[in-house]
1. Let me see the P(r) profile for segment 180-229: every Cα-Cα distance counted, bins of 10 Å, each bin given as a percent of all pairs.
2. Could you list which residues have their amide H under 5 Å from that of residue 374, counting only those 5 or more apart in sequence or on another chain, with H placed in the peptide plane?
3. If I compute solvent accessible area with a 1.4 Å probe over the protein chains, what percent of it on segment 310-437 is carbon and sulfur?
4. How large are Rg and Dmax for segment 24-183 when calculated on the C-alpha trace, in angstrom?
5. If I model a spin label at residue 355 and residue 384 as a point 7 Å from the Cα along the Cα→Cβ vector, what separation in nanometres do I get?
6. Go ahead and run the numbers for FRET between residue 186 and residue 406, Cβ-Cβ distance against an R0 of 35 Å, rounding to 0.05.
7. Under a plain spin-label model, where a point goes 7 Å from the Cα along Cα-to-Cβ, how far apart in nm are residue 44 and residue 56?
8. In terms of Cα to Cα distance under 12 Å, which aspartates and glutamates are near enough to residue 300, apart from those fewer than 8 places away along the same chain?
Amino acid sequence: MSATPVTPAPRRDAAAPHAVAGEWHRSRPPWGDGFEALLRQDPELGGLLLGEAERQADGLQLIAAENFTSPAVLAALGSPLANKYAEGYPGARHHGGCELVDLTERIATDRAKALFGAEHANVQPHSGSAAVLAAYVALLRPGDTVLAMGLPHGGHLTHGSPANFSGRWFDFVGYGVRRDTGLIDYDDVRALAREHRPKAVVCGSISYSRHPDYAAFRDIADELGAYLIADAAHPIGLIAGGAAPSPVPYADVVCATTHKVLRGPRGGLILCNAELAGRVDRAVFPFTQGGAQMHTVAAKAVAFGEAATPAFTAYAHQVVANARALAAALAAEGLTVTTGGTDTHMMTVDVSRLALDAATARGRLAAAGITLDTCGLPYGVGPTAHGLRLGTAAVTTQGMGEAEMVRIVRLMATALREGVTEQGLRGVRSEVRELVSSFPVYPA
Ligand SMILES: Cc1ncc(COP(=O)(O)O)c(C=O)c1O
């Protein structure tokens, strides 16, 4: 099964680094008046929403899958498009009054196609998981064998977890990373493919910090006549900004999220060639979803528009430069960085050399105002996790650069080593506050 080659999106010149966040960085967030009304009507809930806005602004957000969206994206999410029912696709809806949302969805799909150089885009999946589900539905039958990254090595729940539809409906075989390098062993992937003859090969991960070799995956899939599905949920924003290679010319179907580095609303996206377009569209609606969420589709269109600007290209490259600086500084502090560094926005680190488990480490960092995830590490021993996963998408949106990454690591190291004492923690907490207050996301 060979993919129809498509023209890659034209590369744009990177803008000056100070422009990474774009103009919106200096505009006011859309809550204000709307929140006043919400607070009056429902103080309990309004208070929670305001509290969450404050929490996000008051600490360092290092969760690799999170980012800060622009006020324009938030405005689209909070628009009257949230009121509209729109089952079906533009020009073929089951509901009346869809003229304007049809135009909205056409803009979103056209922008996604242009941004990623894809022949077809479906912008309706409600989430990354919904996009993967639709890809499986489009290409597979229940019971088919699928080769994907094993969950202990960084596969997502949708890559064969027994707790997920994928593990229940398909027969998953997991490939992994090498013990010595932490890198995908393509000879092993090929050997597993020859042994199990999967109907589809999936590449993509929740924690792999290096670029997948899409050409190698394509070659392995072609040898068996298998489909290649790229789950690019994590790197899709870097791909949009020209800071990571694109799977579009190689994969039959590319699934993605729109809310990570891409900086759009929470949601999913599917890209494919023209030949598979009908199967993918029918797999999304009516097979796995009902009405499209048009406010989210509009917000995706806004985000795709933003991602096509030179400011976003600069942002995506700065995200990677920041991640490399962060990884190098963490290694200098004695933490083991999986694969020895990163090519992307994220990395995983082993905290066991500090005689800490992951939950204790996350707790100390949280107390200091630094938010990140714990994670399992490939070849981790025993039931206790020792991995932390962190990324630079959000702090880069705030306008931070390599110097701030070094400062963040110094704060993390202090919190991890001295976080046991109240006084030590208080010192780090106030320095975190000082740092983030110099880089406000949504200035008042
Ligand atoms: C590789 C991968 N696939 C799929 C998903 C699912 O995305 P969602 O949480 O939007 O369902 C994620 C989420 O982080 C992911 O990392």
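1. The distribution over segment 180-229 is 26, 56, 18, 0, given as percents.
2. 389
3. Of the solvent-accessible surface of segment 310-437, carbon and sulfur hold 52 percent.
4. When restricted to the Cα atoms of segment 24-183, Rg and Dmax are 20.8, 59 Å.
5. That separation, rounded to one decimal, is 1.2 nm.
6. The computed FRET efficiency comes out at 0.55.
7. It is 2.4 nm.
8. List returned: 105, 110.
The values are calculated or read from the model by the stated rules, or taken from the named source; none is laboratory data. What you see is a predicted model; the values in this text were computed from it and never measured. A quick note on method: Cβ atoms are made from the backbone with ideal geometry, for glycine too, and the neighbour counts reach across all protein chains shown. These area figures cover heavy atoms from the full protein model, side chains too; ligands, DNA and RNA do not enter into them. Shrake-Rupley method; radii C 1.70, N 1.55, O 1.52, S 1.80 Å.
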